[in-house]
1. Express the Stokes-Einstein translational diffusion coefficient of region B:140-270 in µm² s⁻¹, to the nearest whole number, given a Kirkwood radius over alpha-carbon pairs, 25 °C and a viscosity of 0.890 mPa s.
2. Contact order normalised by length for region B:254-306, with contacts defined as Cα pairs under 8 Å and 6 or more residues apart; what percent is it?
3. With a 1.4 Å probe and every protein chain kept in, tell me what percent of the accessible surface of the protein assembly as shown is carbon plus sulfur.
4. Return the ratio Rg/(2.2 N^0.38 Å) for region A:154-240, where Rg is computed over Cα atoms only.
5. Within 10 Å of each Cβ in A:247-258, how many Cβ atoms from other chains are there, averaged over the peptide?
6. Rounded to whole Å, give me the distance from the Cα center of region B:88-143 to that of region A:239-311.
7. Any chance you could check region B:181-208 for residues losing 40 Å² or more of accessible area when the partner protein chains are in, compared with the chain on its own (1.4 Å probe)?
8. With the other protein chains left in place, how much accessible area per residue, in square angstrom, belongs to chain A at a 1.4 angstrom probe?
Amino acid sequence: MSDATSATEAPRHRKRLNFQVLGPLLALIVLVILGASLNSNFLSYGNVTNVLARSAFIGIIAVGMTFVITAGGIDLSVGSMAAFVAGVMILAMNSLIPTMGIGVPLIAVGMLVALATGFAAGWLNGFLISKVGIEAFIVTLGSMGIYRSLVTWLADGGTLSLDFDLRGLYRPVYYDGLLGVSWPIIVFAVVAILGELTLRHTAFGRHCAALGANEQVARYSAVKVDRARMATYTLLGALVGVATIMYVPRLGSASGSTGVLWELEAIAAVIIGGTVLKGGYGRVWGTVVGVLILSLIDNILNLASIVSPYLNGAIQGVIVILAVVLQRERKSAD
Amino acid sequence: MIRRHFLKGAALAAAMVAGTAGAQAQDAEEYTIGVAIPSATHGFMGGLNFHARETIERLEQTYPQLTFVLATAGDAGKMVNDVEDMVATRNIDALVVLPFESEPLTSPVQAVAEQGIWVTVVDRGLSVEGIEDLYVAGDNPGFGRMAGEYFADNLSEGDNIVVLRGIPTTLDNERVEAFQKAIEGSGINVLDMQHGNWNRDDAFNVMQDFLSKYDDIDAVWAADDDMAIGVMEAINQAGRDEEMWIVGGAGMKEIIKRVMDGDPMLPVDVSYPPAQISTAIELTALGLVSDTPVSGRFIIGSQLITPENAEKFYFPDSPF
């Protein structure tokens, strides 16, 4: 237990990583084989695109969550934050139609609003946690409630809908793509690759791991602990903004029920992927595998309908726990 | 820019406070009615909250001797507290309650009824019968039957449909059972049923998977207007909008508008009106201020909304 928290750079860790790698990947491969054997359409272009594109929102958020959890934090507010950012974005775009007209510049402004709102919301979480020194769990539990009720209030209890014509123009951002790969998938891939590089090869990434492993040691090693911690929450907030930019063109609406439980899905994906919940070690590519596992389970259950739909949640739970157990067993065997 | 009425809300609150102050020095003719409903966490409840506020505003003008106390609760526990506070501090003469959940609200509401306060229960029944003086609700089996009959009349033998269900509850079961009964013997194949949880995003995902799985779908019973919107997007994305039509339910203004405009993808809708809260409040008020008998059960039938009658169900100002 003590070496799990202190040995971030020890060579032993590299060896263990090789064993840990197999857990989530194995689970993913088993799911793909299972899906393909249950339904011939499973590997069709259409289905693969659907699954990847709908994974993108949680996926983009989960990449940011990987940084937060690696640095020993947690953020419960991302689902509500996504709904709030979507609401603000829709209101801003609708209200700017008379002055800007419907066109690409307006959509660009909308995207900037989403990014800025997400950034500010994440920064605020980070500020309260690292500068004011309140527990991350409490701060983000509070902001979860705040953003959820703010979006309900903005929508007056109903649904905020993007102007119909504007939506027609914005729609391709979710539904179209480049060379047959839709935009959400491309953005998700780019975010994941950049995230992996940042976590693995930059000073910021190493500071996150050091901070999550042992804050005192990190502080004495001249890591600017507060700044690094604040940066993880701000990054997550900005990525929530990015996810919202991809989400809004899909249905063109936001309501009190948007993004419910996304925070738990994102956290689950991060843990399934092999990041340690108490911090100190994280990997972004594992998170991507975790996100894919979660959406594949849903997809397979819908395609196969072999069990009562009442049991979908139970099956999901079992697979999530199994994927993590696989890793833990390999770890202790090592 | 922002569609909210906080000023109106504040004015209403001020009016209520003023009203209570007046009620302190009351003569026997003045009454206070407590209204406890779930808070506006999704479209349907948003509409219900809207209609509750509208009705209270209107009734306070019509009957100056009436005072209303409106409380919205995010969970069953808070609602129990609200109800107890109304009895203890506001001295209500009648209670209109839409129980958040049946079980936890049953004994608190029973306690209210035992003090001789008039009780009106809306939509979700209590678990013990005979507590309430008046029960107002939508017709869940009727909701399913109405949709089922439309499918049976407009599809022929061997046609394929898929069904999206709501959150697993008795309410959802009643609707689906009545639907299945109505299409029995028509030869329509129900290819699949999955839970879309009355949620746009979930319905979108489920419909995408249905479309991957089945090459031939003739119609979709989305059973809810929020789900109908998700389903519609998934069908458009797959480019199969010529192939099938959708029937939702409840009466969201965007969907009603489309029915009114004759959208071929949304030929009809089935009503399950959030305005039932207005019926409940009006009847309760009527019973207090006059000798009109209003006790019993008032079941609001589900109606088929067609392009011809859609206007009657269209409330452009409501958030739902």
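The values are calculated or read from the model by the stated rules, or taken from the named source; none is laboratory data. Everything quoted here is computed from the prediction, not taken from an experiment. Glycine gets a Cβ as well: all are built from the backbone with ideal geometry, and neighbour counts include every protein chain shown. Ligands, DNA and RNA are stripped out before the accessible areas are found, and what is left, the full protein with its side chains, is counted by its heavy atoms. Shrake-Rupley method; radii C 1.70, N 1.55, O 1.52, S 1.80 Å.
1. In µm²/s, the coefficient rounds to 172.
2. Across region B:254-306, relative contact order equals 48 percent.
3. Whole-percent figure for carbon plus sulfur exposure: 60.
4. Normalised by 2.2 N^0.38 Å, the Cα Rg of region A:154-240 equals 1.62.
5. Mean inter-chain Cβ contacts per residue within 10 Å come to 5.
6. 39
7. Relative to the lone chain, where solvent access is computed with a 1.4 Å probe, region B:181-208 loses at least 40 Å² at B:Gln194, B:His195, B:Arg200, B:Asp201, B:Phe204, B:Asn205, B:Gln208.
8. 42
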